[in-house]
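Peer 1: Take a look at this one; I'll ask things after.
Throughout, read-outs are computed from the coordinates displayed, never taken from laboratory work. Everything quoted here is computed from the prediction, not taken from an experiment. Using ideal geometry, Cβ is built from the backbone for each residue, glycine included, and neighbour counts are taken over all protein chains shown.
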Amino acid sequence: MKLTKKSFKPLVQAICFILMLQSISPTHAHLPDLGNEHREAVSVDDEKFIGATWMREIRGTGMVSQDLLVNEYIKHLGNKLIPYVDMPYNDIKIKFFVINDKTINAFAFFGGHVAVFTGLIYASESESELAGAMAHELAHISQEHILQQITDNKRMMPITLGGALAAAIIGMPELIVPVLAGYGQHQLNFSRQHEQEADRIGMQILAKAKFDPHGLPNMFERMSNSSRFDNKPPEYLLTHPLYDTRISDTRSRAETYVYRQRPNSQMYNLVRARIEVKSASNILELIKNYEQKLQTKRVVNELATRYAYAYALAEADKHQAAYNAILPLANEHPEDLIIQVTAAEIERSNHMPQAAKIRLEKLAKLYPDSVSVILHYADLMIVLKQPKLALKTLQHFKTIHEPEPVYYELLRHAEGMLGNQIGVFEANAEWYMLNGDTENAMKQLKMALDLNAKKDERIKARLETRLEQMAALLEREKKI
Ligand SMILES: [Zn+2]
């Protein structure tokens, strides 16, 4: 069974989803009295539900990056900041993900989700700058800014909670779609206050995590400069007003911290190189450019350029040349996650799955929990026609990580190879769920039920339970 790739929907549709939210049931029965007037409007449980629904909607746009290494890096960087984020509720966990888009942007939304655009990673010129923008978003979460805006909007205008949420999202500069900017105008001051707070607290997070606090003003300056030269300012600025004093305020605040230079990690340099390749409009031109740079030794970072060159060859389907370029790098850096996983990717495309398997097995000893290592390994088991080993690898994955769409794509393949059509339907159902398509997910489970036709009571019970859960979720989605 082949899944049809969902057609591209612009992010604006995901945002508009919020406009459809009519009312959020004010159930605070399960809420402890925390004396938080804002929290009374939306319970933690509702916030998590709305956040998860939103995440599924955003995935459904097809904009969420499927690049395992880029996502793993952003989570790795984010995990260095999280210990210093003062979360008001323990059961809201921070979840980072990457949006594959050239715009310079990042945003946080309900339920602890933080989106980082590949454009932002690429536009940053140091890891502290990137961490600065991420720390700012984390501060919006820890200070519950979206929640506060909802409550205050409701006070200002007689609107439904759903409408208030929409207005709040519009007021959150990073989240807005410019189309709707007019709506947010009346609350510009309010946003500015929140921005100042997010800048202040974000910088504390940045400094505590031992990044350079100047990363934040540096990132703002970079955005401000790029808007001077380009026809169009970066999204972050369109939607995230860089008022007169913002750079100088953050700059003088950064001065109050002890100066700390922090070199970029190799992972940061390699991930940026990877994004440069992925977003190139003319890959052959880029390859020529790297060749010239490497020949004349005019490179800022030789390792990153050599890596980018090998990866660009692979992206241009020049697999043997890519292999020749990555092999010496891989031999020189046997413990580097990005280089080793990329070498395995190239070996797989170059019809050398056995070599890739050995490479990943060595790497798994160094990085037993790595999402990229485990999922690439499961993929290789499918290539090597070892579906049982693929299943075992995926089962292990599920015990340590939350499954993402690519997990269910691999599961579907493995189940299909084993001739387990019910398993294929179930994997498809979960894939649709993660992509915000509950109705198609339920269709898959109903097909599985038909196929089972009461032959196995245990399977029947499992499918019916999951169907009931999906139906309940659909009902709750309709209510908000
Ligand atoms: Zn902000």
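Peer 1: Determine ³J(HN,Hα), in whole Hz, for all residues of the stretch 56-73 in sequence, where each value follows from phi through the Karplus function 6.51 cos²θ - 1.76 cosθ + 1.60 and θ = phi - 60°; x replaces Gly and Pro.
Peer 2: Per residue, the Karplus-derived 3J(HN,Hα) values read 5, 5, 5, 4, x, 6, x, 8, 6, 5, 9, 6, 4, 5, 5, 5, 5, 4 Hz.
Peer 1: In addition: Using 0.36 nm per residue, how much length does the chain from L418 to T465 gain when fully extended, once their Cα-Cα distance is taken away? Please list the in-between numbers first.
Peer 2: Details: separation 47, 0.36 × 47 = 16.92 nm, distance 2.42 nm.
Contour length minus the Cα-Cα distance gives 14.5 nm.
Peer 1: Give me, ordered by chain and number, the residues 5 or more places off K95 or on other chains with an amide H under 5 Å from its own placed amide H.
Peer 2: For K95, whose amide H was placed from the backbone, the distant partners under 5 Å are H113, V114.
Peer 1: Mind listing the phi-derived Karplus ³J(HN,Hα) values for the stretch 249-265, rounded to whole Hz, using 6.51, -1.76 and 1.60 with θ = phi - 60°, and x for any glycine or proline?
Peer 2: 4, 6, 5, 5, 5, 4, 4, 6, 8, 5, 5, 9, 8, 10, x, 5, 6
Peer 1: How far apart, in nanometres, would the label points at K398 and T245 be if each is projected 7 angstrom from Cα along the Cα-to-Cβ direction?
Peer 2: Modelled inter-label distance: 5.5 nm.
Peer 1: So if we plug the beta-carbon distance of L327 and K210 into 1/(1 + (r/R0)^6) with R0 = 56 Å, what FRET efficiency do we get, rounded to 0.05? All intermediate terms of the calculation are to be shown ahead of the outcome.
Peer 2: On the way: r = 35 Å, r/R0 = 0.63.
E between L327 and K210, to the nearest 0.05, is 0.95.
Peer 1: Determine the distance separating the Cα centre of the stretch 282-325 from the Cα centre of the stretch 382-439; give it in Å without decimals.
Peer 2: First find each Cα centre; the distance between them is then 34 Å.
Peer 1: Roughly speaking, what is the stretch gain from R262 to E221, that is 0.36 nm per residue apart minus the C-alpha to C-alpha distance, in nm to one decimal? Walk me through the numbers before you get to the answer.
Peer 2: Working: separation 41, 0.36 × 41 = 14.76 nm, distance 1.88 nm.
Extra length from R262 to E221 when fully extended: 12.9 nm.
Peer 1: List, in the order given, every pair from K288/K357; K95/K398; K362/K388; K318/K357 whose Cα-Cα distance in the structure shown is over 25 Å.
Peer 2: On the way: K288/K357 31 Å; K95/K398 17 Å; K362/K388 21 Å; K318/K357 21 Å.
Violating the 25 Å limit, Cα to Cα: K288/K357.
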